[in-house]
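Peer 1: For reference, the structure I am asking about is given below.
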Amino acid sequence: MNNKRGQVSTEALFVIGAIFLIFMGIAVFRMEKMREITFLKQDIVAKNACLEISDALVQAFLSTGSARMKTDYSFSVYRQVITVMPRNITCVITSNVVSSANITKGFFRAERQGETLVLTNI
Amino acid sequence: MKITTSNRAQVMMTDLFIALSIFLILMIAIFSFMMVYERRVNSNMAYEDMRAKAMQIANFLVKSPGVPADWEYNSTSPQAIGLAPVPLILSNDKVANFTRMDYDKIRKTFNIRHYDFSFMLFDLDSNLLASKGNESENESVSISRYVRFNNTNSIMLFKVFRH
């Protein structure tokens, strides 16, 4: 009788061990997914910011003159591609009218000089 | 019913299989939901990108003469294409030159090499006055603007869609 009870307890231990391993696996997977979701959230926010910057620059060019703008992200413009830091999210400007620039987070000026929009940090 | 020791073990195994099956079905459901959600988020981001591009191009076409302003008379590729010497009033020469331009050259100028586009100009009776590009069944974003063309009120429709 004692012998049989010992066997049941080994099986129970095995099942508990297996369940524990499965839940450990799920926990690791969940942590990895949460990390991915956090990055994805940051990417979406940065992508929206990038599109807003791109829109604002084209509007500034069309409105002729100079505009003072604020950005929550540092970004660079090179060959009509805007790269938003720190995750290097990119988007394009649909008109080749913005000069290359590196703009740091905060206020900057967009000034139309002839056929080009020149960006400078303030 | 009296359950013997060996029968009890069989019952436990059946229980275990049912529990495992439910667990696996739940896991598969959760993972597939996560994958669908991720795909939907990416598709939404791509749509927003397309919308922003379509909006920018449509605004530039109807509010700017382009760069250089007389690009329609130059043989070199324009830096930026605009059709309106005066905001919202489209020039016949610019529209005519735009519709004659090479399709890929226009896409390159607009920086939309990963997308296709179609441009259409209608009068208010829906008669087609000018067009460029092809229609597609793919997901698209369409922007319309009221303009003056040939001294008549017209509607410009600019559509960007996936390849």
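The values are calculated or read from the model by the stated rules, or taken from the named source; none is laboratory data. This one's a predicted model, so the numbers in the text were calculated from it and none came from an experiment. As a convention, Cβ positions derive from the backbone with ideal geometry for all residues, glycine included, and neighbour counts pool all protein chains shown. For accessibility, only protein heavy atoms count, side chains too; no ligands or nucleic acids. Shrake-Rupley method; radii C 1.70, N 1.55, O 1.52, S 1.80 Å.
Peer 1: Got at least one residue in the range B:100-120 being assigned to a helix (DSSP H, G or I), more than 21 Å from residue A:93 (Cα to Cα), more than 17 Å from the chain's Cα centre (by Cα) and at pLDDT below 95?
Peer 2: Yes, the range B:100-120 contains a residue that is assigned to a helix (DSSP H, G or I), more than 21 Å from residue A:93 (Cα to Cα), more than 17 Å from the chain's Cα centre (by Cα) and at pLDDT below 95.
Peer 1: Can we say residue B:92 is touching a residue at least 24 places away in the same chain (Cβ under 8 Å), touching a helix residue (DSSP H, G or I) at 6+ places or on another chain (Cβ under 6 Å) and either of a type in the set (A, V, I, L, M, F, W, C) or surrounded by fewer than 21 Cβ atoms within 10 Å (Cβ to Cβ) (or both)?
Peer 2: So residue B:92 fails the test.
Peer 1: Can we say residue B:103 is in contact with a Gly (Cβ under 9 Å, 6 or more places away or on another chain) and either open to solvent by less than 70 Å² (accessible area, probe 1.4 Å) or not polar (S, T, N, Q) (or both)?
Peer 2: yes
Peer 1: Report whether or not residue A:76 is among the hydroxyl-bearing types (Ser, Thr, Tyr) and closer than 26 Å to residue B:46 by Cβ.
Peer 2: When the stated conditions are applied, residue A:76 passes them.
Peer 1: I've got another one for you. Of all residues in the range B:56-99, how many are of a type in the set (Ser, Thr, Tyr), closer than 17 Å to residue B:154 by Cβ and at the interface with chain A (Cβ under 10 Å from one of its Cβ atoms)?
Peer 2: 0
Peer 1: For the range A:12-122, give me every one of the strands (runs of 3 or more DSSP E) that falls completely inside it and has 1 or more residues that are acidic (Asp, Glu) and without any contact (Cβ under 8 Å) to a residue 60 or more places away in the chain.
Peer 2: A:106-113
Peer 1: For the range A:72-122, give me each residue that is within 14 Å of chain B (Cβ to nearest Cβ) and open to solvent by 80 Å² or more (accessible area, probe 1.4 Å).
Peer 2: A:78, A:79, A:87, A:113
Peer 1: Kindly indicate whether residue B:137 is over 15 Å from residue A:94 (Cα atoms) and part of a loop (DSSP other than H, G, I, E, B).
Peer 2: Answer is yes for this residue.
Peer 1: Which members of the range A:39-65 meet the condition of being open to solvent by less than 70 Å² (accessible area, probe 1.4 Å) and more than 10 Å from chain B (Cβ to nearest Cβ)?
Peer 2: A:46, A:49, A:53, A:56, A:60, A:65
Peer 1: Hey, another quick one. Can you tell me which of B:138, B:127 is loosely packed, with under 15 Cβ neighbours inside 10 Å, more than 21 Å from residue A:53 (Cβ to Cβ), modelled with pLDDT under 95 and within 14 Å of the chain's Cα centre (by Cα)?
Peer 2: B:138
Peer 1: Hey, residue B:68 hits all of (1) surrounded by fewer than 21 Cβ atoms within 10 Å (Cβ to Cβ); (2) more than 21 Å from residue A:90 (Cα to Cα); (3) within 24 Å of the chain's Cα centre (by Cα) but one; which does it fall short on?
Peer 2: (3)
Peer 1: Separate question: Which condition number does residue B:50 fail, the rest of (1) open to solvent by less than 60 Å² (accessible area, probe 1.4 Å); (2) over 30 Å from residue A:41 (Cβ atoms) being met?
Peer 2: Residue B:50 satisfies all of (1) open to solvent by less than 60 Å² (accessible area, probe 1.4 Å); (2) over 30 Å from residue A:41 (Cβ atoms) except (2).
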